[in-house]
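The values are calculated or read from the model by the stated rules, or taken from the named source; none is laboratory data. Please read all numbers here as calculations on a predicted model, not as lab measurements. Glycine also receives a Cβ, built like all others from the backbone with ideal geometry; neighbour counts cover every protein chain displayed.
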Amino acid sequence: MAAAVFVSSACACGCSQEPAPCAAVPAAPLAWKPVADRDALASELAAARSAGRGVVVEVWAPWCAYCLEYDELIDREPTLHAGFARLVRLRIDVSRNDQPLLRSALGIPRNLQPCFVFIDAQARLRRRLDVTGYLHEKSAEELSRRLRVLDAPE
């Protein structure tokens, strides 16, 4: 006699929230794809446009305390995590090189990090959504607002 198998759609923390897990279960950290040159950036942006996905490009360095704060915030806040998960996430690592050619391709000033640049699914650079520097206590709210605006038709 075969044993019955019960599959629960409840959250891993034991609550009954469906379909996504509740905030009690930390999400896995989001992966960011490194881009090292303009050709790689152009290729990634073209692939995102073909797939109809928005893009966020982050200027980041492991020695940048605010960059690490943003990483933690995005991974900790469920709405931010979900919003960023929908986007193609590209990272310009400036830990060893300021990447002036990549910065200029996106209109990002030198020596500015953290910085997020948002590109919508139609491959339009949404300059008014840029995040330059750390927004402190308003960071979560402002990132959420930018994600909502990016999803809205322009």
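A compact table of results
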item	result
Every pair of residues 6+ apart whose Cβ atoms lie under 7 Å, when the first sits in the stretch 53-68 and is among the charged types (D, E, K, R) while the second is assigned to a loop (DSSP other than H, G, I, E, B)	R53/L87; R53/A121; E58/W32; E58/P114
Every residue from the stretch 87-107 that is surrounded by 14 or more Cβ atoms within 10 Å (Cβ to Cβ) and assigned to a loop (DSSP other than H, G, I, E, B)	L87, V94, D98, Q99
Residue check for E72: loosely packed, with under 12 Cβ neighbours inside 10 Å, within 12 Å of the chain's Cα centre (by Cα) and either of a type outside the set (V, I, T) or over 25 Å from A27 (Cβ atoms) (or both)	yes
Output for the stretch 108-131, where each listed residue is touching a residue at least 60 places away in the same chain (Cβ under 8 Å) and in a loop (DSSP other than H, G, I, E, B)	D120, A121, Q122, A123
Any hit, the stretch 81-89, residues being modelled with pLDDT of 95 or more and closer than 19 Å to R38 by Cα	yes
Any chance E137 is more than 16 Å from W60 (Cα to Cα), touching a Leu at 6+ places or on another chain (Cβ under 9 Å) and not polar (S, T, N, Q)	no
Answer residue from the stretch 132-154, given it is of a type in the set (A, V, I, L, M, F, W, C) and without any contact (Cβ under 8 Å) to a residue 60 or more places away in the chain and is nearest to I108 (Cα to Cα) among those	L135
Unmet criterion (only one of (1) touching a Leu at 6+ places or on another chain (Cβ under 9 Å); (2) surrounded by fewer than 18 Cβ atoms within 10 Å (Cβ to Cβ); (3) assigned to a helix (DSSP H, G or I)) for P62	(3)
Flag if S139 is outside any loop (DSSP other than H, G, I, E, B), more than 20 Å from P29 (Cα to Cα) and of a type outside the set (A, V, I, L, M)	no
Residues located in the stretch 13-36, provided they are at pLDDT 95 or above, part of a loop (DSSP other than H, G, I, E, B) and under 17 Å from D98 (Cβ atoms)	V35
